[in-house]
Structure formats: C-alpha cells, structure tokens
Protein chains: 2
Amino acid sequence: MVGWRSGTAQDTVTLTLFPTPRLRKSPFYAATRRYGCDAFSVYNHMLMPVWYGDPEEEFWRLIEHVTLWDVACERQVEITGPDAARFVQLLTPRNLDTCTVGKCRYVILTAEDGGIINDPVLLRLGENHFWLSLADSDVLLWAKGVALNADMDVMIVEPDVSPLQVQGPKSNATMAALFGERIIDMAYYTLLETTLDNIPIVISRTGWSGEKGYEIFLRDGQYGDALWERVMVAGKAFNIGPACPSQIRRIEAGILAYGTDMTLTTNPFEIGMDRLVDVEQETDFIGKAALRKIKAEGIDCLLTGVEIEGDKVANEEHWPLFADGRRIGEVTSCVYSPRLEKNIGLAMVERGLAAPGRQLTVKAPHADLTAHTAVMPFFDPNKELPR
Amino acid sequence: MVGWRSGTAQDTVTLTLFPTPRLRKSPFYAATRRYGCDAFSVYNHMLMPVWYGDPEEEFWRLIEHVTLWDVACERQVEITGPDAARFVQLLTPRNLDTCTVGKCRYVILTAEDGGIINDPVLLRLGENHFWLSLADSDVLLWAKGVALNADMDVMIVEPDVSPLQVQGPKSNATMAALFGERIIDMAYYTLLETTLDNIPIVISRTGWSGEKGYEIFLRDGQYGDALWERVMVAGKAFNIGPACPSQIRRIEAGILAYGTDMTLTTNPFEIGMDRLVDVEQETDFIGKAALRKIKAEGIDCLLTGVEIEGDKVANEEHWPLFADGRRIGEVTSCVYSPRLEKNIGLAMVERGLAAPGRQLTVKAPHADLTAHTAVMPFFDPNKELPR
C-alpha cells in the first residue's frame, strides 16, 4: 500500500470510499481520476483528492518544481450587498481597515465565545464583494444565520467557484506562460480578475504550502477539465505534476489545519494567532467581549511544534502527550519530513510547557514515543505563510 | 469487489479513504472495525460505516431479523435554556404545539428563503431541553448564528451523545431483553431516558428503515464498546448482525436523504413535505413568508418515485431525466431492490410530469435507460415512516 503512512511503524489502515450523490464532485474530478488519483477524503461535503500514489514524491516536486492541486473543496461563501463590508468585519476579529479592493487576508472567524468557526482566506473583489475561501465547516449556514437578525443588507450565497492551487518555486514561470509576465509581479495576498480565453477566473497569490504559489478560482464549473489541461500544458516545461495539499510541507511551515489543529472549542490565542485578533478596534465583531476577556486573563494551553523520535509516524487521531507521567496535552498533527529527516508535528500543550526543548512522551496507539517541543515553523526560507 | 454496486452494469468506482484527525471517530468505531467494516463515508465530519461486505445481505437481515447500526455521525445539537422551546419553533415550519415532553418529531429546518438546512429528528427531553438528531450539515453553526441576535436565552452545544440504531422486526425482542418488556409498549416517535447498568442512554422509537426500530443514544462516549457488545449479546437469539443504513430499504420506504434528495436549494413542498409546514400558525419561524408565498404560487418540480428498467443500477451522482427528448429533471437516488426485483429510485421532476406511469429516459453515464415515474413508497406494510 502506497500512501502517507507507508513506511511507518504503525498499521496502515485503508478504508474504502464510494462516490455517492451526497459527496459532491469537483469540476476537476474527472481530471484527477484520469491523472491517477484514487485516494480521496471528504471536505465541505465534497470529494477531495489526498494523493496520487506517493506523498513524498509530491512533496519533492512541490519544493523543487511546481504542482497542481484540485482544492475545489475550498468552497467559497460570497457576500455582497450594501452592507457587505460591515458584515464581513462582523464575522472576524481581524481588523480589515487595510484590506482594500484587490487584497486578500488570512482570517479567523469566531463564535460568540471566541471559539473558531473556520480559518478562511478572505478575498475582496469589490467594495462590497467578498469571498471567504473556506476550510471544512458550513460557514454558509453560519453566515446566513448571523445575517438573519443583523439588520444589514447583504446577500450570502455559495457561487459556482472552484479553486486550483499552483504551488512550487516554478509556479510563477508556469503562471507567466498562461497569463503573461504581469503575474510574476503580483504581490503576495493580492488578487486579480481575468479570463483564460473564454474561461472566467480569479487569480490570487496565496496557497497552503509555504512555497511560492497561486490559486486559480474557476468561476464556471463547465470549464474544469479545460482549465486543468491548460495549466498542465503550460507547466510541462517546468516539470509540473498533479499533487494534493502536502501535510509534510504545511507542517514544516507551521500552517494549521481546521478540524485538526483547531476546532470550535479552540480560541485564536491558543493557536498563536494573536495578530489576527484586534479587540481594541472600534467596530464590533462576534466574540469581541469573550476574546477581550481571554486576552486579559491569559490562556491555559498553546499550540507548539513537536519533534518525535524513532521510526516514521503519521497520526490518524490526536495522540495524548505526557510530561513526567502527567497528561499535558496532545499531538494534533504529525508526519515524517524526508527533507528534515525527522518526524515533526503540532501539539496543543499546557502553556507553561510550550517552550522549545521540553521532553515529552507521546502515547501513540502502537507505542510510547519520545518527543520534545520545538520551534515552529520547522522550515521556512520563503516566508510565504498565511497573511 | 463486494459493495452496493456489485452486480451492476456500471463500472464500480472504489476510492481509498484514510482516517485523519479531521475525520472524527465514533465511540463505536473500534467495534465496527472489529466486526469487519472497512467501507466508510464521511458524515458530519465523522467516519460513517456504509457496509460490512454485502448490502443485500444486510437488507435481508434488516427485514427478517434485527440489525445494529453505528450512526454516531447523526450528531446532536442540544438546545436548553428558558427560551429553548420558543427557539426550536423558530427553527422549523412544523407546528410543535403537540410535541410534549417525551415525544419526537421529524422536522425540516428552513432558511429564510424556504430552502432546507437539514431534516433532523427532534427529541424533547424536557420543557426546555431539546436535541436535533442531524442529517449531514453543520446545524450547530446555523443555530448558533440564528441565536446571536434572536434575543432569546438559549444554550446551544453539541453534547457527547452518539446514536445506535436497532432496526428490524425483532428489534423489540432484542430491546426487551436489554431493557424489559416496557420497551415493547413504547409508542412510535416517543423517547425515554434510562441507563443500562451504569451507561446513561436515551431510547427512542425512531429509525431510518421503515421497519420496526429503536435508536439508543449513548450519553457518554467512553462506553461505546461496552454498549455495542451488550446489544450484540442481547440480540444473538434473534439473529442480530452489524449493518448500516440501508439504501435499499429507505428507498423502498420513500425515506429521503439530505444532501442527495434535498439540499439548501430545495423547499419542503418540492419534496412533498407539506404536512411539515404550517404557515398559518401564529408563531413566527424562519422562512415563513417565503414558504407562504411558495405555497400560494405553487411549485415547479416535485420529488416522485421512479422505476428503471434493465440491469441493476446505483447512482454516484444525479442522473439527468428526459421526456420526449426534453430535460425534465433528474434521478436523485436509485438502487436495486432484491425483494421487489427491480430498480427503484427517487427523482425530482417537473411537477406536471410527476404522476405515476410517465415514460422517461435516464441518461446514466454508462447508458440511456428506460424508466417511468412510480408511486412512493414502493413497499411499506409497517407504516413506520418518519413522523
């Protein structure tokens, strides 16, 4: 069995998944199947490719060349209407004053108690035209619920928009071959609206890899196959290959995964996202009072890096962490990095134990493992992290 | 490959799914794996068993004996607080006046435009204590969003509650062996709170099979394995076996699946659920104005039964439906019933063509198929349908 747990000391659990109408298909689904993908997960009620055979091979191509990912499962929530800007600010603790038209922002959406609803990338397409490019939760329902009695004039829909990611050091050459040299000058976390022949798209300088990269938001699903093949042709000279979000690379970069490293019961301070919370801003947002209180009183636990000794690992659930025989937290994500030649991960631990170098024991299902807290990110020469 | 598409004329698509921390595990997960399940889907961000090898074998056991299902993925949204009853009524068009403590109701939750958010079973545990036992969408986020400015005093959480279903004609004997004879007298769509030794549970006379059945809501996840084994021991004399929600049986009974037969863009009248919508009630609910308008103006399409000729079928996406060469709708679900010895399904069609006996053509990916509209339910001697 090839897969991201191949080579680990653990039993590799393989389950079978069948497509059903409830699991929506991406406009790129046929292409991903044709290119050999048969490992999928489910994300926002949609089939999401997770690898084409060997995640380590995809990792090397990502950091040395360029890769194309079907991430149509990053569904968009579109917010328009006269009060759209005010409504979007209501949804997030991040101060959006400097998020002018054409810019993107990594934001946290919070509930009234400060818990995290989602951590999307926000795209501002117009004064009152926004997309939230989502992690895995029904923000469409959340936003519609919030809007009900908010006394604001907004329209909230899921548009026919499906992102691809083009990630890797040769992503700019690939994108320039498709869209011209202007693409290379796009500033990080900006967007532009354009077409490729008759295909309507939005391009953003964003991604989930820590590498140089772009997202191409397809605005009409019928062109899924055509767009996929156009990118593949353009990238051929740069050694492009199909790939999927890389757990190895994102953990190296300290990029977080919603549902794994944070949930509705986590607050932004616990994941070190203080910079995304402005409790001093005049404008109101959901969770403001709770987050102000948490900020004043401090947090009990904090997400930190962790290194795990021994054979290759990968976790299929959170693993309990112990210090001096006492339970002090859990490993939320871990993976073997073939570049760093060690196991790296993220762990939610008691705040007092989050400093690097603390010896810990991981109670993995297959064995007790020796570990220590570590500095995040593990590898980040590019500084292309969520902004 | 054994599975619900085995024996069909179509290509059987098998994808690989790996457990990850983002895909939550049921308290019964270890038991389902031990009993041989390796086919799973994802439902409410949780791994959901879909069969143990042969869905037709599970079907026969369901209709002749008794089956035990892990449906922990039917997550609960718990609503409590002084205004809980008023808040729950706000969420649904169904008039809840007669839903007294100890009763259950099949309800539709609607958005402001009348679109369907979810179709849960509502359980009333106390005057102001409710559970919504969910289909596959984040109603927790919807309800929290609605509550923000609703000016009602409610608390909304996802409790540690995980349902099992015990379904089949011998379910009452199995349940009586566990809980005593009183269980047999439980009225359909009622509940009771009890314990099994030290295991806290709620029992309801509900289910997703059209057969006599019960749900056992485990109120403390640590007892998952113990509860599963207790039910298996009690059911041994009645030929109990592990099984999963039966697509065959639920389509025979005309029971609907959220995300498949209805979505956020469907309204309750289009799925024939007029009885669940009371636009004349005095109390306000979300979608009231829109649903009143739709009721007055009529609907354009209606869900109906469909029978499909030829070899066994099963759809992995909606299939377009044509009448006299014109597109008039789509098959939302279909499956072969070994009892009825034909292919049966549900289809959303132009309202004028929804009467039984209309000849249609299904454009399935593998072939054009001859079909006709049909009366739903296809088989229902027990009348144990959602109430």
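Miscellaneous remarks
- The condition (being farther than 19 Å from A:L303 by Cα and either modelled with pLDDT of 95 or more or out of contact with any helix residue (DSSP H, G or I) (no Cβ under 6 Å at 6 or more places or on another chain) (or both)) is satisfied by just one residue among A:I216, A:I251, A:I255: A:I216.
Rundown of residues vs (1) surrounded by fewer than 23 Cβ atoms within 10 Å (Cβ to Cβ); (2) touching a strand residue (DSSP E or B) at 6+ places or on another chain (Cβ under 8 Å); (3) on the phi > 0 side of the Ramachandran plot, yes/no style:
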position	(1), (2), (3)
B:D54	yes, no, no
B:R75	no, yes, no
B:I79	no, yes, no
B:D83	yes, no, no
B:T92	no, yes, no
B:I117	no, yes, no
B:W131	no, yes, no
B:G145	no, no, no
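- Taking first residues from segment B:304-316 that are under 27 Å from B:R351 (Cβ atoms) and partners that are surrounded by 24 or more Cβ atoms within 10 Å (Cβ to Cβ) and modelled with pLDDT under 95, the Cβ contacts under 8 Å between residues at least 6 apart in sequence or on separate chains come to B:A314/B:W4.
- Checking B:E215 against (1) of a type in the set (D, E); (2) within 14 Å of chain A (Cβ to nearest Cβ); (3) touching a residue at least 24 places away in the same chain (Cβ under 8 Å), the condition it does not meet: (2)
- So A:L178, is it closer than 27 Å to A:A31 by Cβ, surrounded by 18 or more Cβ atoms within 10 Å (Cβ to Cβ) and over 18 Å from the mean Cα position of the chain (by Cα): yes
- The C-beta contact set for segment A:93-120 (first residue more than 14 Å from chain B (Cβ to nearest Cβ), second residue acidic (D, E) and part of a loop (DSSP other than H, G, I, E, B), distance under 7 angstrom, 6+ apart or interchain) comprises A:P93/A:D278; A:R94/A:D278; A:N95/A:D278; A:V101/A:E127; A:I108/A:D119.
- Given (1) under 24 Å from the mean Cα position of the chain (by Cα); (2) assigned to a loop (DSSP other than H, G, I, E, B), index of the condition A:I183 fails: (2)
- Within segment B:225-247, the set of residues being at negative phi and either in a loop (DSSP other than H, G, I, E, B) or within 14 Å of chain A (Cβ to nearest Cβ) (or both) comprises B:C244, B:P245, B:S246, B:Q247.
- Scanning segment B:147-172 for residues that are away from every other protein chain (no Cβ under 14 Å) and among the polar types (S, T, N, Q), we see that the one that is surrounded by the fewest Cβ atoms within 10 Å (Cβ to Cβ) is B:N172.
- For B:A176: the one exception among (1) within 19 Å of B:V77 (Cα to Cα); (2) away from chain A (no Cβ under 14 Å): (1)
- Residues located in segment A:248-284, provided they are touching a Gly at 6+ places or on another chain (Cβ under 9 Å), part of a helix (DSSP H, G or I) and under 18 Å from A:R351 (Cβ atoms): A:P268, A:F269
- Residue within segment A:299-314 that is crowded, with 22+ Cβ neighbours inside 10 Å, within 18 Å of A:T266 (Cβ to Cβ) and in contact with a helix residue (DSSP H, G or I) (Cβ under 9 Å, 6 or more places away or on another chain) present: yes
- Selection status of B:S162, out of contact with any Leu (no Cβ under 8 Å at 6 or more places or on another chain), touching a residue at least 24 places away in the same chain (Cβ under 8 Å) and small (G, A, S): no
- So B:D160, is it at pLDDT 95 or above, more than 22 Å from the chain's Cα centre (by Cα) and of a type in the set (D, E): no
- Strands (runs of 3 or more DSSP E) wholly inside segment B:48-155 that include at least 3 residues being closer than 30 Å to B:R22 by Cβ and at pLDDT 95 or above: B:66-70, B:76-80, B:116-118, B:121-126, B:129-133
- The listed residue being within 16 Å of the chain's Cα centre (by Cα) and farther than 30 Å from B:V146 by Cα, out of B:A237, B:A257, B:A243: B:A243
- Matching option when the condition is in contact with a strand residue (DSSP E or B) (Cβ under 9 Å, 6 or more places away or on another chain), surrounded by 16 or more Cβ atoms within 10 Å (Cβ to Cβ) and more than 30 Å from A:G207 (Cβ to Cβ), among A:A354, A:A371, A:A323: A:A323
- Odd one out for B:P169, checked against (1) at pLDDT 95 or above; (2) not assigned by TED's automatic domain parsing to the domain that holds B:V50: (2)
- Residue, farthest from the chain's Cα centre (by Cα), within segment B:296-354, restricted to residues that are within 14 Å of chain A (Cβ to nearest Cβ) and part of a loop (DSSP other than H, G, I, E, B): B:V313
- Residue count for segment A:1-47, restricted to those that are outside any strand (DSSP E or B), more than 9 Å from chain B (Cβ to nearest Cβ) and at pLDDT 95 or above: 11
The values are calculated or read from the model by the stated rules, or taken from the named source; none is laboratory data. Please read these numbers as outputs of a predicted model, since none were measured by experiment. All Cβ positions, even for glycine, are placed from backbone atoms using ideal geometry, and neighbour counts span all protein chains on display.
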